[in-house]
Each structure stands twice: as structure tokens, then as C-alpha cells.
Amino acid sequence: MNILALDTSMGACSAAALRAGSTARGLFAREALMARGHAEALMPMIAEVMEEAGLDFAALDLVAATTGPGSFTGVRIAVAAARGLALVTPAKLYGIDSLTVMARSARSTGIAEGAPFAVAVDARRGMLYLGLYDDAGGKLDGPLLVSPEDTLPLLPRTLRTAVGSGASLLFEAAAQHGRKVQTALPELQPSAASLAEIALESGETVPTLRPLYLRPSDARPQPDAVARR
């Protein structure tokens, strides 16, 4: 199975090529933190990992992308790239939410082993993107767009750890109600390498990829805009 995985949903851009045969396996990845510029960075990363893996695009079996939540522009970049590659190669498509990919990366560090944990991303405006996972990384709930205060009834009583850029907000809300939630990995981002591993294990495909938006776009038409011919 030859997999190309892409992520541009949040504050990083990454691409990974996974070659998984019956006797050998290789994972080749590129990742860079960035607030913007994902579109310009992604295609060179794809070219690099494909060359390092020794793969032609015609040899791809699967192209995977994170579908969100995240920035509106960022989510669309990886989804559009994956859909475009699937049109010109034999590859099928796979997509999964960004928080589940982050949960996979968090578990690989040994965080919250033996207990459920939360992935909390600062969604701005006093809101969080929230995902809840069991000790094996299985999804319990999410992705959700909630205020830190509204997360408390959702948290399993045995949950003690939250990861991601919004973990500190969850910590503060929990402390106000006498609950202790440890924070870890505040710089955690979705990773194409983790996505590739998830896609391989899943064995699933989808007919197309659609962005997962949990809030309406900030873009608004100008009230005094003049229609152009």
C-alpha cells in the first residue's frame, strides 16, 4: 500500500509518503510550522516525500487529507490537493478530522496512558475545538465547537489530561469547578505522518473529501459593494 498524506488545517503544513509492503515499511515526511503560506509550501513537500520514497504518482493507492476543523483556507488547501491528485492518479481518497490525527500523535508520546484524554484547540472568540478520546486513542466524542465552560459536562470523570493550544483554557474552566486537568503539548499540530498511519490501519476509502467546518466563515459581503459586470 502506497499512501500520500496531507495536512494544512492549522498552524503547520505537512506531507508524508508511506510505503507499506508485506516485508518492508517506510515513512517519509516533511513538516513546517506556519501561520500562512500553506498553499505555496505543500506542493514542494509532496514532491520531496514522493522522491525520497521512490514513488511515482501513478503508484499511489491512497491519498489522505485532514478535513478539519481548522482555518477555512488551510482546510481547503489539503482537501483540494488530495481531490486533484485522485483525479489524475489511480489513488482512492481517505479523510479524517484534524483532532483525531492530533490524538494519534499525542498517544505516541505516552501522554494520558491508561486514561481518556482531550484534544483542545483554541478556536478563538472564547471557543474550543474539542475531541475526546479513550486510552487507546478511540474517539469518544467530537469534533465539537464549544466554550471552555461547556466542555465540563462532557469530560469523562477519569479524564486528567488535555493537549493542544486550547488545553490551558480547559484547565482554567475545570479549575473553577474543582476539577483537575493537566495540560500537555501546547504546540501540538496535526501531522501528515500520523494521518498516513491512521489511513493505513483504517483500510477505508471515501468517494470524495469535504471540508469539516464547525463555524460559519468570517468572510461577509460588503453592504455597499457594487455589482460588477
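A short reminder: the numbers here are calculations on the coordinates, not readings from a lab. Keep in mind the model is a prediction, meaning the values are calculated, not measured. Positions of Cβ are backbone-derived with ideal geometry, glycine not excepted, and every protein chain shown enters the neighbour counts.
Summing -39500 (n - 2.57) over the DSSP H runs of n ≥ 4 in the chain and dividing by its residue number, what mean residue ellipticity at 222 nm do you reach, to the nearest 500 deg cm²/dmol?
After summing the helix terms and dividing by residue count, I get -9000 deg cm²/dmol.
Between rounded, prolate and oblate, where does segment 77-128 land on the alpha carbon gyration tensor, with a ≥ b ≥ c its root eigenvalues, rounded for a/c under 1.5, else prolate if a/b exceeds b/c?
Numbers: a/c = 4.35, a/b = 1.72, b/c = 2.53.
Cα axes put segment 77-128 in the oblate bin.
Phe57 label point, 7 Å along Cα→Cβ, cut-off 17 Å on backbone N: hits in segment 3-39?
3-7, 15-18, 39
Got a sec? Charge dipole of the chain, +1 on Cβ for Lys and Arg, -1 for Asp and Glu; which of Leu214, Met10, Val101 is way out at the positive end?
Farthest towards the positive pole: Leu214.
Calculate log10 I(q)/I(0) of segment 1-99 for q = 0.18, 0.19, 0.22 Å⁻¹, where I(q) comes from the Debye formula with a single equal point scatterer on each Cα and nothing for solvent.
Those come out to -0.75, -0.84, -1.10, one per q.
Using Cα-Cα distances under 8 Å and only pairs 6 or more residues apart, what relative contact order does the chain have, in percent? Don't jump to the answer; show the numbers that get you there.
Working: 502 pairs, mean separation 51.4, N = 229.
Computed over the chain, the figure is 22 percent.
Extension gain Glu40-Arg125, at 0.36 nm per residue separation less the Cα-Cα distance, in nm? Walk me through the numbers before you get to the answer.
Values: separation 85, 0.36 × 85 = 30.60 nm, distance 2.81 nm.
Stretched fully, the Glu40-Arg125 segment lengthens by 27.8 nm.
Pull up all non-local amide H partners of Met127: gap of 5 or more, or a different chain, and H-to-H distance under 5 Å with H placed in the peptide plane.
Placed amide hydrogens put nothing under 5 Å from Met127.
What shape does segment 107-181 have by the C-alpha gyration tensor, where a ≥ b ≥ c are the square roots of the eigenvalues, rounded means a/c under 1.5, and otherwise prolate means a/b greater than b/c and oblate the rest? Could you put the intermediate results ahead of the total?
On the way: a/c = 1.67, a/b = 1.35, b/c = 1.24.
Verdict is prolate for segment 107-181.
Counting Lys and Arg as +1 and Asp and Glu as -1, what is the net charge of the other residues whose Cβ lies under 11 Å from the Cβ of Ala167?
Details: positive: none; negative: Asp122, Glu172, Glu187.
So the environment of Ala167 carries a net charge of -3.
Counting DSSP beta bridges in the chain, what percent are antiparallel, to the nearest 5?
Numbers: 28 of 43 bridges.
So the antiparallel bridges amount to about 65 percent of the total.
Which whole-number percent is the relative contact order of segment 110-184 (Cα, under 8 Å, 6+ apart)? Intermediate values should be presented prior to the final figure.
Numbers: 150 pairs, mean separation 24.0, N = 75.
Relative contact order of segment 110-184: 32 percent.
Quick query: amide H of Asp141 versus all other amide H atoms, modeled in the peptide plane; which residues come in under 5 Å with a sequence gap of 5 or more or a different chain?
Leu132
Does segment 36-82 classify as rounded, prolate or oblate by the C-alpha gyration tensor (a ≥ b ≥ c root eigenvalues; a/c under 1.5 gives rounded; else a/b over b/c gives prolate, otherwise oblate)?
Since a/c reaches 1.5 but b/c is at least a/b, the shape of segment 36-82 is classed as oblate.
Could you size up the charge dipole of the chain around its Cα centre, putting +1 on the beta carbon of Lys and Arg and -1 on that of Asp and Glu, and report it in debye to the nearest 20? All intermediate terms of the calculation are to be shown ahead of the outcome.
Details: 21 positive and 23 negative charges, 119 e Å.
It comes to approximately 580 debye.
For segment 74-84, in order, what is each residue's ³J(HN,Hα) by Karplus, 6.51 cos²θ - 1.76 cosθ + 1.60 with θ = phi - 60°, in whole Hz (x at glycine and Pro)?
Calculated HN-Hα couplings, in order: x, 4, 5, 4, 5, 4, 5, 5, 5, 4, x Hz.
Quick one: if you stick a label point 7 Å off each Cα along the C-beta vector at Thr158 and Glu48, how many nm between them?
For the pair Thr158/Glu48, the computed spacing is 4.1 nm.
Run the numbers for Val206 and Val88: contour at 0.36 nm per residue of separation, minus the present Cα-Cα distance, in nm.
Details: separation 118, 0.36 × 118 = 42.48 nm, distance 1.65 nm.
Full extension from Val206 to Val88 adds 40.8 nm.
Would you please calculate the Kirkwood hydrodynamic radius of the chain over all C-alpha pairs and express it in Å, rounded to one decimal? Display every interim value, and only then the final one.
Values: mean 1/r = 0.0548 Å⁻¹.
After inverting the mean inverse Cα-Cα distance, the result is 18.2 Å.
By the scheme Lys and Arg +1, Asp and Glu -1, what is the net charge of all other residues having a beta-carbon under 13 Å from that of Gly11? Numbers along the way, then the final one.
Values: positive: Arg36, Arg124; negative: Asp7, Glu31, Asp122, Glu187.
Taking every other residue near Gly11 into account, the sum is -2.
Which of the listed residues, Met34, Val75, Leu60, is farthest toward the dipole's positive end in segment 21-98, when Lys, Arg count +1 and Asp, Glu count -1 at the beta-carbon?
It is Val75, whose Cα lies furthest towards the positive end.
If I model a spin label as a point 7 Å beyond the Cα along the Cα-Cβ vector, how far apart are those points for Ala32 and Thr73 in nm?
So the two model labels end up 1.6 nm from each other.
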